[in-house]
Amino acid sequence: MDALISGAGLLADWQVIVALLVGSIGGVIIGAIPGVGAAVAIAILLPATFSLPPLVGLTMLLGIYGSSMYGGAIPAVLLNTPGTAVNALTTYDGYPMTQRGEGRRAVALAYSASFFGGIISIIALIALSPLLAAIAPMFGSREIFLAALLGIILVILAHRGQTFAAGMLAAFGILLHTVGLEPVNYTRRFTFEQSWLASGVDLIVVVLGLFALSQAFLLLSQPDEQPQTTSVEGSVLSGLKELWLYKRVATVASGFGVMMGMVPGVGEFTAQFMSYTYAQKTSKTPEMFGKGSPEGLIASEAANNAVPAAAMIPLLALGIPGEALTAMMLSVFYVHNVIPGPQLFQNQMDFVMALYLALLVLNVLVLVFLLFSTNILTRIIQVPTRLVGIVILLLSFVGVYSLRNSITDCAIASVFGVLGVILKRLNLPLVPIILGMVLGGIMEVKLRSSMPRVKTPLDMIDRPIAMILFALILLVIALHIRTLVREYRNPPKNPDTDIHATQGGQQ
């Protein structure tokens with residue numbers, strides 16, 4: 001309780017309040033504009049947050065992270081165009097409801113489900129804090145190394161159908177981390193006698209290139225579009241109470257979001273599809289799913305908004321990010337010498353509680369803002385895509401240059417921007433590269449610090465938590481191999497795929 005009161009005191013600072021307002025409202029606006037998304041916005045803002053106090057910078061980024069999905073639901077429901085990638089499932093039932101003339105009802109359900117999922121996950125986060133504070137000190141260098149290894153394996157295996165590509169991209173990220181001076185003896189690695197590589201490849205430069213510049217290049221290379229939408233008639237507030245009729249679906253979906261958010265590399269998509277499948281199987285009208293089912297819309301939005309708070313658990317307790325956005329936030333911790341992990345829960349519990357309370361206030365602010373601004377946001381959606389691309393391009397280069405006043409960094413970011421475009425065109429994931437850089441760094445440091453106490457390979461797992469983590473690694477790999485064997489023996493029968501394959505062969 002003392003930590004909670006102290007955290008509330010930290011949150012009461014006017015700078016933190018302003019950062020929370022800017023982050024939450026800005027996140028909604030950014031999420032509502034198709035083609036931008038939280039990853040692009042956070043990547044652009046990262047250099048600016050380095051000069052702010054740690055709580056202020058993190059609160060702003062958390063605001064964008066937690067609120068962008070609210071905004072992303074607006075074009076998903078009204079335009080059949082998800083504002084962010086995780087709102088794609090919302091289009092399945094949200095847009096058919098709009099076509100039936102129930103746009104106001106669909107928007108209200110999306111808002112209320114998102115709010116419900118967010119609040120449930122924060123309550124779970126606060127409730128788990130004492131347990132995390134007790135368990136976190138049990139993690140030494142070996143345990144964190146194994147946890148990071150498990151995280152990167154889960155990230156790779158989460159990309160079903162692209163496992164090999166995700167593994168290669170994660171390995172590329174690990175390789176990028178090794179460029180420059182190594183952290184113990186300060187010898188040069190992979191610099192090839194080039195002085196500009198001595199300082200290594202900066203994570204933020206790569207993030208801005210892969211996410212922000214690549215998106216700008218794509219928007220500028222595509223035909224200019226100006227999405228058209230209609231206003232929402234009537235008060236959205238009157239539709240919020242309808243969530244009570246579907247409280248079971250909302251609660252279960254939020255639970256899936258919390259569970260999946262805590263597992264590195266899984267995230268919103270898995271939580272959404274699990275909750276959507278549950279809702280469909282337990283619904284009295286399963287035939288309505290995909291045709292405008294309120295239960296499907298609620299399952300999608302409650303699940304994806306429950307993930308951000310839960311994703312903070314591995315980040316704060318172990319210093320291990322589960323996806324790209326929390327990996328970006330980790331860099332803010334490091335810049336301010338606030339190291340997530342066991343020591344953070346022991347020495348700065350008030351700081352942790354302040355972040356939790358910021359997430360709680362964020363959801364309230366966003367809901368109140370959306371109740372009175374939905375029609376204003378529908379006008380913002382109509383911004384021409386090329387104008388959005390130019391703004392992203394300019395802000396990205398300003399952010400890259402401000403890091404070290406280096407034209408070389410701008411050139412490196414441009415290279416990664418082109419790489420990002422190529423990967424997006426090939427429908428390959430960007431996240432494994434970023435997590436490879438972050439988790440690769442964690443694995444190297446923890447492995448080196450644990451080696452003096454390791455005489456044989458079995459010494460790495462001679463403690464209970466290390467043994468459990470190692471067993472989980474083996475179990476995850478074994479289950480994946482089992483799935484591959486099953487798919488090989490019983491290939492899924494897809495008539496459409498077979499037709500396209502036949503046509504391709506005939507051509």
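Residues that are in contact with a strand residue (DSSP E or B) (Cβ under 9 Å, 6 or more places away or on another chain) and in contact (Cβ under 8 Å) with a residue 12 or more places away in the chain: does the stretch 163-176 have at least one? No, every residue in the stretch 163-176 fails to be in contact with a strand residue (DSSP E or B) (Cβ under 9 Å, 6 or more places away or on another chain) and in contact (Cβ under 8 Å) with a residue 12 or more places away in the chain. Taken over the stretch 93-113, residues that are closer than 18 Å to F269 by Cβ and out of contact with any Leu (no Cβ under 8 Å at 6 or more places or on another chain) amount to 0. On the given criteria, is V252 crowded, with 17+ Cβ neighbours inside 10 Å and under 14 Å from G118 (Cα atoms)? When the stated conditions are applied, V252 passes them.
Does the stretch 383-413 hold any residues that are in contact with a Pro (Cβ under 6 Å, 6 or more places away or on another chain) and of a type outside the set (G, A, S), and which are they? Once the filter is applied, which keeps residues that are in contact with a Pro (Cβ under 6 Å, 6 or more places away or on another chain) and of a type outside the set (G, A, S), the stretch 383-413 yields only L403. Elements of the type helices (runs of 4 or more DSSP H) sitting completely within the stretch 1-66 and holding at least 2 residues that are surrounded by 21 or more Cβ atoms within 10 Å (Cβ to Cβ) and without any contact (Cβ under 8 Å) to a residue 60 or more places away in the chain: these cover 14-32. Figure legend. Inter-residue proximity from the stretch 120-149: first residues over 14 Å from A311 (Cα atoms), second residues basic (K, R), beta-carbon distance below 6 Å, spacing 6+ or different chains. Indicated pairs: S141/K446; I144/K446; F145/K446.
Let's see how each residue does on (1) polar (S, T, N, Q); (2) assigned by the TED database to the domain that holds I339; (3) at pLDDT 85 or above; (4) under 21 Å from P342 (Cβ atoms):
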residue	(1), (2), (3), (4)
M443	no, yes, yes, yes
D459	no, no, no, yes
D462	no, no, no, yes
I465	no, no, yes, yes
L469	no, no, yes, yes
A478	no, no, yes, no
D496	no, no, no, no
I499	no, no, no, no
G505	no, no, no, no
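Residue-level check: of (1) under 19 Å from G255 (Cβ atoms); (2) open to solvent by less than 10 Å² (accessible area, probe 1.4 Å), V107 misses just (1).
The values are calculated or read from the model by the stated rules, or taken from the named source; none is laboratory data. All figures in this text were calculated on a predicted structure; none of them were measured in a lab. Please note: Cβ atoms are built from the backbone with ideal geometry, for glycine as well, and neighbour counts cover all protein chains shown. Heavy atoms of the whole protein, side chains included, go into the accessibility calculation; ligands, DNA and RNA do not. Shrake-Rupley method; radii C 1.70, N 1.55, O 1.52, S 1.80 Å.
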